[in-house]
1. Given the criteria assigned to a helix (DSSP H, G or I) and open to solvent by 50 Å² or more (accessible area, probe 1.4 Å), does residue 169 qualify?
2. Can you tell me which residue in the stretch 550-570 is farthest from the chain's Cα centre (by Cα), limited to those that are over 15 Å from residue 540 (Cα atoms) and modelled with pLDDT under 65?
3. Hand me the list of helices (runs of 4 or more DSSP H) wholly inside the stretch 343-457 holding 2 or more residues that are more than 23 Å from residue 330 (Cα to Cα) and without any contact (Cβ under 8 Å) to a residue 24 or more places away in the chain.
4. Return yes when residue 151 is open to solvent by 10 Å² or more (accessible area, probe 1.4 Å) and modelled with pLDDT under 85 and no when it is not.
5. Check 448, 444, 421 and return the single one that is charged (D, E, K, R) and not assigned by the TED database to the domain that holds residue 516.
6. What single numbered condition from (1) open to solvent by 10 Å² or more (accessible area, probe 1.4 Å); (2) among the aliphatic types (A, V, I, L, M); (3) touching a Lys or Arg at 6+ places or on another chain (Cβ under 8 Å) fails to hold for residue 159?
7. What number of residues within the stretch 200-215 satisfy the criterion of being over 30 Å from the mean Cα position of the chain (by Cα) and either outside any helix (DSSP H, G or I) or surrounded by fewer than 17 Cβ atoms within 10 Å (Cβ to Cβ) (or both)?
8. Looking at the stretch 141-162, is at least one residue free of Cβ contacts under 8 Å to residues at least 60 places away in the same chain, outside any helix (DSSP H, G or I) and among the aliphatic types (A, V, I, L, M)?
Amino acid sequence: MPNAAERDDVEQQLTTVAEALSLPSSTAQITRVRLNQLGSEPEIEDSSLSIVGATTLSLSAREDGLPITVSDVAEAWSETLEGTSIDPGAMTALFDDIAANLDIDGVPPEPRALIERFGTELDLPDGIVVVAKRILEDAFEADPQTIAGSTSPAGTAGAVLYLAAAVNDVDGADEDALGDVTDTSQVTVRNRYKELRDLLGEQHLETTQRYQLDPDTGAPMATSSAPDTESAPVETADDETSGEDPEATDKASADVPGEGEPGTADADDESTLAAETAEVVTALFPDELPTTDRVAEELAADPEAIAADLETLVADGTVERKRAGSTDVWLPGDRDALGPDLTEDAVQREVDAIADELDLDASVRLFARGLVSDVVEAVDVEHAGELGGAALLAACRVNDVDVEASEIAATGEFAARALYDWLETLDSAVDIEIPTAGAETYVDRLADVLDLDESVREESVRAIEQYDPRPDDPSYTPPELAAGATVFAATVRGTGVELEQLAEASGADPAFVSEATDSVLVSLCLDLVREDLDYEETGWTGDLLESELSPEFGDSETGAAIALAKAYAAGRESQPVDEATIDALVGR
């Protein structure tokens, strides 16, 4: 159990963090009470008291509907520690235990995730979701207690969506619809949006660019505070013609490209454009992902020209390039990583893009988005597209939708095998059983697609059952292993099969199919010689002597293993070959 000094330290840290994040006193107070409750819980004792404190505060903030992320709390709490920091992932890992010990009915959702979910269920434009998040953040900044004072974070999420849609005359977010999706009453939604409207001011909501959608593109307007150049007075030629100063005219002509000093205007223009580009990146972030196209859209400029400007800004450290799926994202230079909120936004965009390309229905997309919201703060997302694709693959399997990993990978332009790694991560991170298809299932599909003989199918399945990977063998995905076993079975059965054909039909990379084939061959051949496999019950041994398998097949170790198995099968040896002989023959 923590001693009194440790509890005092955490109490002080909690006070400091609550002040730094402008949290209401009620949120901090309920957290203090909860920390006292957790003091003797065995599931919690082994964890750092600071991590427990930060996690409990994050839970309290979520219950109050405050737009405070796990990373916000982790960063602020780390500032109070000496020589160490808090990992947001460690906090997320404690959520369930702490919620259970405090009798909280499940981990409350992060408010932005609620807005995303309700917006998707109502099929509202993405821009409305972004504006709703801005309204929530501004209301929190104006008066945190107004947000925390609500009895329903879901009602608050519905209210900000209502305001965002009302300000932009977008249909689909009326009180009835929002009451249904938020599982609250229409009265709750109505009271909340009136309270938030009065807090921020009706005129402020209707006239502030930050809350407007671009009428041409439907995208949220940039949040830059720069003056609106369209409203500035424009001096016409007629105003300047009468009584013009020849000296001033000469000076003006010197600023025109091709007149006066060569090159000066071009250099100044380029510098001005680069500065404007940097301003737009800063203005968009963090409410939106500053992609090349989005920045170009804000500046009404050619994306290729903007891409060149951004490269220049990267070189001088003004902006940082990050990867969000298949897209470059440009961040202000003082921000060195995509935070959880921005990362979630990036992954959700990938989910939507892949779902649109594959024409997946709304229920699958919504399920995938929910998986992303559940895990994005707990895992290291280096490639948003891979996580988005894996979430969609999991959603398809849970909802019995016939979509393969290879189809998703082709759409998202990444390797199919990456999705299988992510499926394992998702399966362990969420309380949902994700159905899996074994290698035998893919053998059946390959046999059907390639019209293979039944004996080849049976031998392929038997090879998978007999396959005993060595410790140094890589882990193969079900399609890779199925294709590798089929190459083996087709070859020993004297059936011609093309590696590329199998790779295409299985959706596996040809290189991995080749490696899986070698692994299957070496495993079966050496187990035969060791007599770990019964010669009389191993059908392929009779075909082995007549097959095309030779020492030239695969790498040198594979070829040596095949040669050894052929020699053993030919002589029908009754004694197993010892390990020293095997090592010598395979060149170990």
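1. The answer is no for residue 169.
2. Filtering first and then ranking leaves 551.
3. Details: elements: 362-375, 384-398, 405-412, 416-429, 439-450.
By residue number, 416-429, 439-450.
4. Yes.
5. Numbers: 448 fails: not assigned by the TED database to the domain that holds residue 516; 444 fails: not assigned by the TED database to the domain that holds residue 516.
Of 448, 444, 421, the one residue that is charged (D, E, K, R) and not assigned by the TED database to the domain that holds residue 516 is 421.
6. It is condition (1) that residue 159 fails.
7. Our first condition is that a residue be over 30 Å from the mean Cα position of the chain (by Cα); within the stretch 200-215, this holds for 200-208.
Filter again for either outside any helix (DSSP H, G or I) or surrounded by fewer than 17 Cβ atoms within 10 Å (Cβ to Cβ) (or both), leaving 201-204, 206-208.
Within the stretch 200-215, residues that are over 30 Å from the mean Cα position of the chain (by Cα) and either outside any helix (DSSP H, G or I) or surrounded by fewer than 17 Cβ atoms within 10 Å (Cβ to Cβ) (or both) number 7.
8. The answer is no, given that none of the residues of the stretch 141-162 is free of Cβ contacts under 8 Å to residues at least 60 places away in the same chain, outside any helix (DSSP H, G or I) and among the aliphatic types (A, V, I, L, M).
The values are calculated or read from the model by the stated rules, or taken from the named source; none is laboratory data. Here the structure is a predicted model, which is why all the values come from computation and not from measurement. FYI the Cβ positions are ideal-geometry reconstructions off the backbone, even for glycines, and counts take in every protein chain you see. These accessible areas exclude ligands, DNA and RNA; they are computed on the full protein's heavy atoms, side chains included. Shrake-Rupley method; radii C 1.70, N 1.55, O 1.52, S 1.80 Å.
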